[in-house]
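The values are calculated or read from the model by the stated rules, or taken from the named source; none is laboratory data. In this text the structure is predicted, and so the values were computed from the model without any measurement. Because the Cβ atoms are built from the backbone with ideal geometry, glycine has one as well, and the counts that use them run over all protein chains shown. Just the protein is used for accessible areas: all its heavy atoms, side chains included, with ligands, DNA and RNA removed. Shrake-Rupley method; radii C 1.70, N 1.55, O 1.52, S 1.80 Å.
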Amino acid sequence: MAKIGYGRVSTRDQNPDSQRDALVEAGCDKIFIDKASGKLASRPELDKALDYARAGDTFVVTRLARAARSLKHLIELAETLRERGIDLVVLKQGIDTSTPTGRLAFHMLGAIDEFQRELIVEGTHEGLASARARGRTGGRRPTLTATQVRMARQMYDSEEYTVQDIADSFHTSRATVYRALSDDSDFAYVVYRSGKPKARADGTPMGETGQGEQSTAQYDADRQFFPLAEHKRPYAKAMVYVVDGTVKRIRAIAPKGAWVPHGGDWEIPVTAPLTPSEIAEQFPTLGFTLGDELPAQRGKLRQHLAL
């Protein structure tokens with residue numbers, strides 16, 4: 001039985017020595033350290049640590065936030081360790097899942113974290129609604145100026161530059177370029193979801209409803225509450241729903257359908273789910289179809305994809 005230590009620092013400039021020292025003091029036989037943002041799904045050293053651990057071992061971290069990028073990930077990690085017969089010890093928060101008290105502390109801490117997150121989200125939504133009522137839309141300044149967007153469009157239309165070339169020219173990301181291009185060209189609205197259904201306090205479905213692709217509940221969930229500037233509506237042609245990293249449904253946006261405002265968002269008029277042949281016919285430049293893997297990048301929930 002071994003103690004496997006794991007630590008993480010968010011950037012390559014941070015020093016992991018304090019975590020390493022704490023793990024050594026805790027008696028860890030093997031230590032793995034990642035240097036990556038807490039939002040990134042890819043953590044090669046964490047994967048190595050989990051591969052190295054065996055039944056009867058103890059997985060040790062200094063804090064829960066070092067090992068998990070979200071509450072969902074935290075619970076999944078703890079469940080994976082439990083199923084494999086590996087105990088979890090969190091040094092700074094006094095958690096040891098090898099004891100009943102430790103398991104209780106773990107679940108209580110997770111519940112508190114979830115409650116705090118819901119309070120933050122609720123406060124943010126109330127603040128945004130109040131700002132919109134006063135005519136302020138908020139948000140950070142655009143990465144590209146109007147002149148730069150026009151130049152990017154000219155470069156893209158010339159077919160002499162790739163999107164990466166354009167991004168490098170303006171010292172920005174490909175995602176930023178795609179968003180800028182989608183302002184005045186057709187695009188698909190890609191939505192990343194979890195397979196576990198959720199609901200707001202008023203019962204509004206979030207994520208996957210689990211009612212079947214053709215059901216009324218699923219249709220309502222697919223069309224509601226997406227932030228989209230009004231001037232972009234004519235260019236939005238498709239809704240792509242990526243569930244747990246896989247393209248689950250693609251719906252066309254009905255060109256003559258009614259866009260219904262909901263706060264600062266819109267209920268989008270979508271059609272029934274398209275078949276693979278309909279997708280290929282209507283959106284030949286989309287580049288993927290049902291069942292393809294399309295993992296979210298940098299924790300994004302939505303993105304515009306130029307057609």
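With r as the distance between the Cβ atoms of residue 301 and residue 256 and R0 = 30 Å, compute the FRET efficiency 1/(1 + (r/R0)^6) and round to 0.05. All intermediate terms of the calculation are to be shown ahead of the outcome.
On the way: r = 28 Å, r/R0 = 0.94.
Between residue 256 and residue 301 the formula returns 0.60.
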Modelling each spin label as a point 7 Å along the Cα-to-Cβ direction, I'd like the residue 290/residue 72 distance in nm, to one decimal.
2.3
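May I ask you to derive the FRET efficiency for residue 246 and residue 52 from their Cβ-Cβ distance with R0 = 51 Å, giving the value to the nearest 0.05? Mind dumping the intermediate values first?
Working: r = 29 Å, r/R0 = 0.57.
Computed FRET efficiency for residue 246 and residue 52 comes out at 0.95.
Which net charge results for the neighbourhood of residue 240, defined as the other residues with beta-carbon distances under 12 angstrom from its beta-carbon, given Lys and Arg at +1 and Asp and Glu at -1? Don't skip to the end; give the middle numbers.
Details: positive: 193, 237, 248, 249, 251, 302; negative: 222, 292.
Net charge around residue 240: +4.
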Approximate spin-label separation residue 169-residue 213, in nm, with each point projected 7 Å along Cα-to-Cβ:
3.9
Heavy atoms of residue 213 accessible to a 1.4 Å probe, total area in Å² rounded to 10
70
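If you take every residue apart from residue 92 with its C-beta less than 11 Å away from the C-beta of residue 92, what net charge results, scoring Lys and Arg +1 and Asp and Glu -1?
Numbers: positive: 63, 66; negative: none.
Once positives and negatives cancel, what remains is +2.
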